[in-house]
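Chemist: Structure incoming, see below.
The values are calculated or read from the model by the stated rules, or taken from the named source; none is laboratory data. Computed from a predicted model, the values in this text were never measured in an experiment. As a convention, Cβ positions derive from the backbone with ideal geometry for all residues, glycine included, and neighbour counts pool all protein chains shown. Remember, those area values only see protein heavy atoms, side chains included, never the ligands or the DNA or RNA. Shrake-Rupley method; radii C 1.70, N 1.55, O 1.52, S 1.80 Å.
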Amino acid sequence: MNSAKVQPITGEDGSPGVQASRQASRQAGSPPPSLEDTPVAARDEGGGEEKLPEGESPSRLTPVPGSATADVGTTSVAIEQVQTAAAIDTDESAGADTQGQDTHVVGFGGKSDDIIVVGKKMTIIRWMLLGSDEAVGVYNGYQKRYKLLVVYIILWAVATALLVIFYTYGIKDKRWYWLVVSGGVWLWLNMLLARNPKLLWRLFTNFDVLFNVSNMLVGSLCLGMSFGFDERAAAFLLIESPLLATSVLTDATMSSGEFKLRSYALLLGVLFLVSVIVLDFARLFDDTESVVLAWGTDGIWFTTAEAIGNTTSAASDAPWDVTRHTYLQPVSTTRFVLVCAYMSLDCWGSTTKPNECSILRHSTRRSVGGANFSLDERSGQGLEAPYEAPAGAAREENEALSPGQDREVAQEAERGIPVAPADAATRGGGTDRAGGTKTRGKRGKPTIVAKDAECRFDEMRLVGASEKGIQTLGDDEEVVVLMPGKGFVIPVGPKRTVLYWLCGDVGTTVNINGFLEGVKALLANLSAGAFLSILGMMEVVPYELTWLMILALPDALRKLFKLNAHAVSLVLRELDFWVPFVTMLLASFFASASFAHDRAAAAVIITSMVHYTVNVLLADADLATRKIRSKASGAVKYTLMFLSLSTHTILLTFGHFPGSENHVFHFHFINNHGTVEVVSMFTRFIATPLLFMIKFIVKSLVYRDRTVIIKMPLIRHVMPKRKLRGFLRQRKVSRARSRAQSADFDRVRVQTDQEPASPVHQARD
């Protein structure tokens with residue numbers, strides 16, 4: 001132990017701190033405040049104090065810059081004070097209620113072994129010119145000499161303005177549209193030529209890119225159908241659609257200026273799409289036609305709203321004989337709205353976090369830490385062996401630490417884990433009662449090292465393709481580095497659940513969740529009533545049995561109540577949650593409308609909506625230890641849910657629910673006197689949740705140990721190649737240090753109920 005005397009921690013105003021508050025609480029008969037509600041103070045060697053943030057979880061606390069806690073060795077002073085205060089609380093509040101304590105923590109980390117490095121000069125134009133430096137130099141020379149980028153932007157702005165004017169007021173000679181096309185295509189072609197081929201290929205294997213590009217294509221085709229696929233449709237498909245698609249692919253650009261200004265391009269794209277949506281939905285485009293896709297048991301064909309007289313075809317008496325009509329104008333509106341949603345989110349993200357990629361993001365990997373855990377592997381595999389330069393070699397530029405310092409900091413970051421067994425003996429290591437190894441750090445502070453559960457994060461290293469791709473580059477040539485962001489940990493316990501967030505009482509939370517978990521098998525068996533409810537809706541059995549569907553609701557609520565509230569908030573930040581959730585909500589409304597909002601049918605639809613939300617969209621927020629450690633794939637659960645929703649969709653679409661009817665709604669918006677069929681609207685909206693279900697199934701099969709919605713973006717860095725090795729080593733050491741600090745803070749929280757009070761009594765004496 002350090003010679004510093006242990007003193008009661010006081011607040012900023014000099015009021016009694018931890019010890020006095022415990023005594024006052026005990027005299028008043030109220031339970032003492034928990035450790036996480038107590039301000040934690042770090043005391044340096046001079047006796048000063050730095051108050052750590054009160055509102056953050058200890059797993060996210062970082063040392064105050066410039067203070068004595070800023071380095072790894074001195075951080076143990078703050079940890080000892082926390083341990084001392086926690087032991088005082090444990091000793092003085094013996095027998096107090098500890099049912100609200102955290103049980104474990106879960107670490108979230110990106111795919112750290114997938115660091116992408118590409119040469120900044122490796123673009124599509126260089127690939128097309130066969131890598132000829134001379135030809136690329138001539139091309140870049142013309143670009144700079146004649147300011148072609150500015151010319152392309154002006155031509156596109158003029159072409160877009162003329163396009164909107166021509167669409168609205170119309171011109172008799174449609175050949176003018178080709179003149180507009182000749183001026184508007186150069187901007188997106190120039191942007192596309194600045195993309196990196198490898199990153200572009202990686203983007204086109206991403207679901208978000210495929211989803212946005214396909215929505216843009218479907219919306220453009222539906223708009224072209226209303227134009228009759230004349231020159232107007234060709235102009236939109238050759239100018240605006242490729243430009244919007246190229247804007248989504250900005251993560252692959254090698255132009256630093258375009259990457260920094262991508263938020264403005266996305267904002268202009270959103271404004272343009274909103275204008276198109278309003279003009280198209282209001283029927284303000286000149287000389288357009290309302291095209292209808294008719295489909296059913298007789299096949300698929302196109303017709304017009306005037307041809308069918310704004311009426312629906314009634315199903316005949318023959319089973320499965322039905323015809324539905326889908327109006328393409330609302331389809332284009334829906335597809336464009338989804339693209340707008342993604343582009344708006346990317347615009348906001350690129351503005352607030354300019355160094356993060358918008359599309360290139362990794363699904364997180366989760367790992368569990370128990371009472372004693374660390375964020376790095378203790379076997380020595382969590383960090384590579386420190387780099388040692390050859391004798392006499394000069395230190396690299398931008399190298400954070402010398403090889404010897406790198407080794408020392410890496411050891412310190414490991415918090416008492418010796419490189420050789422002799423080091424532990426030299427520093428006076430021992431064994432603690434929790435089963436870990438107790439060693440002494442640089443300043444002689446005891447540190448607990450775990451042997452049990454660990455939060456494991458991947459080792460930082462380049463992918464093989466990146467390592468080979470930069471071997472031919474010179475030391476002064478710039479490279480683009482894409483690497484995952486920092487991992488984080490989330491504490492798990494009764495006070496972290498959704499139920500506690502709703503009721504605010506830990507005793508009620510523990511009792512309700514404990515009771516529901518005790519009857520888990522019974523609640524799961526009650527969910528079998530869903531099968532009878534489907535038969536009731538088909539009137540194979542009495543229709544009143546439809547109400548059995550509500551028996552499946554308690555099991556969904558049981559799963560919802562135990563979800564981690566912090567993890568739920570992370571899910572709610574992702575558009576992969578909101579897109580299927582909102583479309584599922586709209587599909588549920590139109591499905592209920594087909595039953596004239598009958599209460600029994602509405603109960604089935606609402607219960608299905610709740611099950612889809614909890615079991616599929618919020619599945620990443622279930623941080624149970626057994627589930628994460630088993631690394632079991634959720635593909636079976638997702639597949640069963642997919643089959644259930646598909647069955648509902650087929651039966652409702654083809655009229656096998658006698659209680660449902662294809663009601664027709666009429667609406668009026670400016671010049672648009674439209675018609676909507678509820679079953680067709682249901683089919684249109686339910687297609688998006690089903691599409692996301694397929695995505696979740698594939699991800700669960702391919703990546704069994706990853707989340708499906710929570711993601712971590714890649715961070716973009718640009719630097720000369722000669723600085724790359726020093727940069728990666730600096731990041732590796734920094735990550736090790738921050739993980740070790742957060743590991744110590746999280747260890748202290750759970751160890752407070754296990755450490756005896758004898759050291760505290762000695763400190764008092």
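Chemist: Tally up the carbon and sulfur contribution to the accessible surface of region 215-259 as a whole percent, 1.4 Å probe, everything protein left in place.
Modeler: Heavy-atom surface of region 215-259 belonging to carbon and sulfur, 1.4 Å probe: 74 percent.
Chemist: Share of region 537-636's accessible area from carbon and sulfur, percent, 1.4 Å?
Modeler: 70
Chemist: Quick one: which residues, 5 or more positions from LEU623 or on another chain, have an amide H under 5 Å from its amide H? H modelled 1.01 Å from N in the peptide plane, none for Pro or chain starts.
Modeler: It is ASN564, by chain and number.
Chemist: Relative contact order of region 158-304, please, whole-number percent, based on alpha carbon pairs below 8 angstrom and at least 6 residues apart. Spell out each step's value before the answer.
Modeler: Numbers: 120 pairs, mean separation 41.9, N = 147.
Relative CO of region 158-304 lands at 29 percent.
Chemist: Strictly over 29 Å apart at the Cα level, which of LYS562/LYS711; LYS121/LYS695; LYS144/LYS721; LYS198/LYS627; LYS486/LYS627; LYS562/LYS732 would you flag in this model?
Modeler: Checking Cα-Cα distances, LYS121/LYS695; LYS198/LYS627; LYS562/LYS732 exceed 29 Å.
Chemist: When ranked by the protection proxy of mean other Cβ atoms within 10 Å per residue, highest first, what sequence do the peptides 101-109, 504-512 form?
Modeler: Taking the mean over residues of other Cβ atoms within 10 Å, the ranking is 101-109, 504-512.
Chemist: Sticking with the crude label model, points 7 Å out along Cα→Cβ, report the distance from VAL541 to VAL698 in nm, one decimal please.
Modeler: 3.7
Chemist: Turning to a different aspect of this structure: Sorted by packing (mean other beta-carbon atoms within 10 Å per residue), highest first, where do 152-159, 582-589 land? Display every interim value, and only then the final one.
Modeler: Numbers: 152-159: 16.8, 582-589: 19.4.
With the highest mean Cβ count within 10 Å placed first, the list reads 582-589, 152-159.
Chemist: Looking at the square roots a ≥ b ≥ c of the eigenvalues of the Cα gyration tensor of region 580-626, which shape do they give, rounded for a/c under 1.5, prolate if a/b is larger than b/c, or oblate?
Modeler: Numbers: a/c = 6.27, a/b = 2.36, b/c = 2.66.
Taking the square roots of the gyration eigenvalues as a ≥ b ≥ c, region 580-626 is oblate.
Chemist: Between region 634-682 and region 212-258, how far is it from one alpha carbon centroid to the other, in angstrom?
Modeler: 29
Chemist: For region 105-198, what % of the accessible area comes from carbon and sulfur atoms, probe 1.4 Å?
Modeler: 72
Chemist: State, as an integer percentage, the relative contact order of region 256-313 based on alpha-carbon contacts under 8 Å between residues 6 or more apart.
Modeler: Relative contact order comes out at 18 percent.
Chemist: Let me ask something additional. Averaged per residue, what accessible area in Å² does region 500-543 show with a 1.4 Å probe, protein chains only?
Modeler: Heavy-atom SASA per residue in region 500-543 reads 59 Å².
Chemist: Right, here's the next one. Report the gain in length on full extension from ASP321 to VAL582: 0.36 nm times residue separation, minus Cα-Cα distance, nm rounded to one decimal.
Modeler: On the way: separation 261, 0.36 × 261 = 93.96 nm, distance 3.08 nm.
Taking 0.36 nm per residue and subtracting the Cα distance, the gain is 90.9 nm.
Chemist: OK, next. Take peptides 350-361, 556-567 and line them up by average Cβ neighbours within 10 Å, highest first, as a rough protection proxy.
Modeler: 556-567, 350-361
Chemist: Sticking with this structure for a sec: List the relative contact order of region 508-564 as a percent without decimals, with contacts defined as Cα pairs under 8 Å and 6+ residues apart.
Modeler: Once normalised by length, the contact order is 38 percent.
Chemist: Just in region 126-170: which trypsin sites (Lys or Arg not before Pro) are loop by DSSP and have at most 14 other Cβ atoms within 10 Å? Could you put the intermediate results ahead of the total?
Modeler: Details: sites: ARG126, LYS144, ARG145, LYS147; in loops: LYS147.
For trypsin sites (Lys or Arg not before Pro) across region 126-170 that sit outside H, G, I, E and B with at most 14 neighbouring Cβ atoms in 10 Å, the list reads LYS147.
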